[in-house]
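First up is the structure itself, then whatever we jot down about it.
The values are calculated or read from the model by the stated rules, or taken from the named source; none is laboratory data. As the structure is a prediction and not an experimental result, all values here were calculated from the model. Glycine gets a Cβ as well: all are built from the backbone with ideal geometry, and neighbour counts include every protein chain shown. Accessible surface areas use protein heavy atoms only, side chains included; no ligands, DNA or RNA. Shrake-Rupley method; radii C 1.70, N 1.55, O 1.52, S 1.80 Å.
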Amino acid sequence: MSETTTVSNKSVWTPFNLVAGIIVAIGLVLTVLRFTGGLAAVTNLSDDNPWGIWIGFDLLCGVALAAGGYVTSAAVYIFGLKRFHSAVRPAILTGFLGYALVVFALHYDVGRPWRLPYPFVVQQGTTSLLFEVGACVALYLTVLFIEFTPAALEWLGLKRARNLVVKLTMLLTIFGVVLSTLHQSSLGALYLIAPSKLHPLWYSTYLPVYFFVSSIIAGLSMVLFESTLSHHYFGDKLDEAHKRESLGVTLGFGKAASLVLAGYFIIKVIGMATANTWHYLNSGYGAWFLVEMLGFVALPCFLYAVGVRDRNVKLIRYTAAWTVLGIVVNRFNVSLVAFNWHLPSSQRYFPHWMEIMISVFIVTVGILVFRFIVTRMPILYEHPEYHGH
């Protein structure tokens, strides 16, 4: 009995659980403060900067990094790349949780959760890009939930319901790709209305294209990054099929990421040439723009290519983590760093520590839910009753 208790205590009182518990506790306190004291109590937002880190990170980065769901599903079910099938369920789960957390984070920014469905049922703003983004995100979150349910239904033993959902796979995949194409690009289009506020090196009429193409990069890299962490922390859950296909997934997604990064670099250069913004490179913002382009686009493109050529799995996985960071840098540049660039430093926005802590709290909740699901449901392994399905 004492040995069992000791093991149980060791499994619960881990450093990760302690840190996560502290973050969740602080996050709950800040949540109460935010919804009782308003935005002014926990943020540095102002009339000049009405969108802060909750939009730049929680929304723009969250939606981009959750793109692995539609990218992987399209590769397997539309393009017939069945050798990547083992990556579908982890990618769908990551995408579903990513979009769920985006909606969760929007409650903090909007402040009135009960008004979130208002534009859909009371007064539709059909000429607004935000309406289109909201509608697509809501619909795609529903699609991702349905795509995720087979794993939960297998866990619950509901065979008939599971088989019915599986028959909808192709329809859901196509619908998901269409919705993702719309809202991923529309997030970039939101900034087309602010040509005087966004620095010319980041402002472009091609912003919707940039956001969509970079979401593919984010999706491919996030699948590699997530699989790296899953292999390390949940290796005991992996079955032989997932272990066997791991190398092919890593090399295939690494190759695709390298090609898309090369294409993204080219269209960014074309955008600069079209707008004739070369002279802005000779400035502080220009130096930072080159850091983004060379350090987070050209460099990972090269490293992915070298990793695939040499079949260097470790290099590809490290590059995936670096590319994910690059996506975050790009979204921060567009929404925060290069936004309101003409204002003096005293009027520039920098997030309050409570804003940052709430974002950390939201990410921590996502990690905890991911761990709960992966350790219980057939995500990283095939359910024995559905072998070969």
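Scan segment 289-313 residue by residue and report those that are open to solvent by less than 30 Å² (accessible area, probe 1.4 Å), among the aromatic types (F, W, Y) and within 25 Å of V337 (Cβ to Cβ).
Matches in segment 289-313: F289, F296.
Among the listed residues F350, F372, identify the single one that is of a type outside the set (V, I, T) and either modelled with pLDDT of 95 or more or assigned to a helix (DSSP H, G or I) (or both).
F372
Note down all Cβ pairs under 7 Å where the first residue falls in segment 281-303 and is over 19 Å from V334 (Cα atoms) and of a type in the set (A, V, I, L, M), the second is assigned to a helix (DSSP H, G or I) and open to solvent by less than 20 Å² (accessible area, probe 1.4 Å), and they're at least six residues apart or on different chains.
L303/T319
Look at V260 and say whether it is in a helix (DSSP H, G or I) and free of Cβ contacts under 8 Å to residues at least 60 places away in the same chain.
For V260, the condition - in a helix (DSSP H, G or I) and free of Cβ contacts under 8 Å to residues at least 60 places away in the same chain - is met.
Take R311 and decide whether it is in a loop (DSSP other than H, G, I, E, B) and either of a type in the set (K, R) or within 23 Å of V110 (Cα to Cα) (or both).
yes
With the condition kept exactly as written, say whether any residue in segment 330-341 is over 29 Å from W288 (Cβ atoms) and either out of contact with any strand residue (DSSP E or B) (no Cβ under 8 Å at 6 or more places or on another chain) or not aliphatic (A, V, I, L, M) (or both).
No - not one qualifying residue is present in segment 330-341.
Any residue that is open to solvent by 20 Å² or more (accessible area, probe 1.4 Å) and at pLDDT below 90 - is there at least one of those in segment 61-71?
Looking through segment 61-71, none of the residues is open to solvent by 20 Å² or more (accessible area, probe 1.4 Å) and at pLDDT below 90.
Those residues that are within 25 Å of A194 (Cα to Cα) and either touching a Ser or Thr at 6+ places or on another chain (Cβ under 9 Å) or of a type in the set (S, T, N, Q) (or both), I need them from segment 298-346; list them, please.
Hits for segment 298-346 are G326, I327, N330, R331, N333, S335, N340, H342, S345, S346.
Based on what the data block shows, is A87 in a helix (DSSP H, G or I) and touching a residue at least 40 places away in the same chain (Cβ under 8 Å)?
Here the answer is yes, as A87 does meet what is asked.
What is the one condition in (1) modelled with pLDDT under 95; (2) more than 30 Å from T169 (Cβ to Cβ); (3) of a type outside the set (S, T, Y); (4) in contact with a helix residue (DSSP H, G or I) (Cβ under 6 Å, 6 or more places away or on another chain) that A40 does not satisfy?
Among (1) modelled with pLDDT under 95; (2) more than 30 Å from T169 (Cβ to Cβ); (3) of a type outside the set (S, T, Y); (4) in contact with a helix residue (DSSP H, G or I) (Cβ under 6 Å, 6 or more places away or on another chain), the lone unmet condition for A40 is (4).
For segment 119-145, how many residues meet the condition of being in a helix (DSSP H, G or I), surrounded by fewer than 14 Cβ atoms within 10 Å (Cβ to Cβ) and over 20 Å from the mean Cα position of the chain (by Cα)?
Looking only at that region, the number is 2.
Residues in segment 329-350: is at least one farther than 25 Å from R34 by Cα, open to solvent by less than 30 Å² (accessible area, probe 1.4 Å) and either in contact with a Cys (Cβ under 8 Å, 6 or more places away or on another chain) or without any contact (Cβ under 8 Å) to a residue 60 or more places away in the chain (or both)?
For segment 329-350, residues farther than 25 Å from R34 by Cα, open to solvent by less than 30 Å² (accessible area, probe 1.4 Å) and either in contact with a Cys (Cβ under 8 Å, 6 or more places away or on another chain) or without any contact (Cβ under 8 Å) to a residue 60 or more places away in the chain (or both): present.
Go over the candidates E355, E292 one by one and state the one that is charged (D, E, K, R) and closer than 21 Å to V213 by Cα.
Being charged (D, E, K, R) and closer than 21 Å to V213 by Cα holds for just one of E355, E292, which is E292.
I'd like to check something: does segment 42-53 contain any residue that is touching a residue at least 24 places away in the same chain (Cβ under 8 Å), assigned to a helix (DSSP H, G or I), under 29 Å from S214 (Cα atoms) and open to solvent by 10 Å² or more (accessible area, probe 1.4 Å)?
yes
What is the residue count in segment 263-287 for residues that are outside any helix (DSSP H, G or I) and open to solvent by less than 30 Å² (accessible area, probe 1.4 Å)?
Here the count works out to 1.
Please verify whether segment 314-323 includes one or more residues that are loosely packed, with under 15 Cβ neighbours inside 10 Å, of a type outside the set (D, E, K, R) and part of a helix (DSSP H, G or I).
No: segment 314-323 contains no residue that is loosely packed, with under 15 Cβ neighbours inside 10 Å, of a type outside the set (D, E, K, R) and part of a helix (DSSP H, G or I).
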